[in-house]
Amino acid sequence: MTVGFGERQRRFRAPGTTDLALRVHTDRMDGRRQTAHLYLKRELADPAAWWLIPWCSVNTIYPQRHERRDLDLTGLADAKWCPDCTQRVLP
């Protein structure tokens with residue numbers, strides 16, 4: 001698929017695994033439940049992005065939105081893994 005950009009056309013590239021980063025989301029409204037999700041590195045690097053959308057709900061009509069302050073690098077061992085982000089089936 002090509003995307004028109006002025007006079008030049010550039011090729012559209014879907015994000016790959018190198019464009020995603022794993023972070024732990026702590027849900028303050030659900031008893032501080034922790035879940036590991038994948039997020040786009042581009043959004044994580046942007047300090048103006050307050051609401052981040054996890055990879056599992058990017059293509060949905062009403063995506064989940066997580067506040068930046070609820071994300072953390074630590075706690076991966078204790079967090080539940082999102083089955084849609086990690087492509088795994090959990091019991």
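Here are the numbers for the structure shown:
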| item | result |
| --- | --- |
| Which numbered condition Ala49 misses (of (1) at pLDDT below 85; (2) exposed (fewer than 15 other Cβ atoms within 10 Å of the Cβ)) | (1) |
| Selection status of Ala36, at pLDDT 90 or above, part of a strand (DSSP E or B), surrounded by 13 or more Cβ atoms within 10 Å (Cβ to Cβ) and touching a helix residue (DSSP H, G or I) at 6+ places or on another chain (Cβ under 8 Å) | yes |
| Residue list for region 59-91, restricted to those being surrounded by 15 or more Cβ atoms within 10 Å (Cβ to Cβ) and aliphatic (A, V, I, L, M) | Leu71, Ala79 |
| Search result, residues across region 1-33 that are acidic (Asp, Glu) and either surrounded by 13 or more Cβ atoms within 10 Å (Cβ to Cβ) or at pLDDT 70 or above (or both) | Asp19, Asp27, Asp30 |
| Number of positions in region 57-84 that are in contact with a His (Cβ under 7 Å, 6 or more places away or on another chain) and not in a helix (DSSP H, G or I) | 3 |
| Conditions (1) modelled with pLDDT of 80 or more; (2) out of contact with any Leu (no Cβ under 9 Å at 6 or more places or on another chain): number failed by Cys82 | (2) |
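The values are calculated or read from the model by the stated rules, or taken from the named source; none is laboratory data. Please read all numbers here as calculations on a predicted model, not as lab measurements. Quick reminder, even Gly has a Cβ in these numbers, built from the backbone with ideal geometry, and neighbours come from all protein chains shown.
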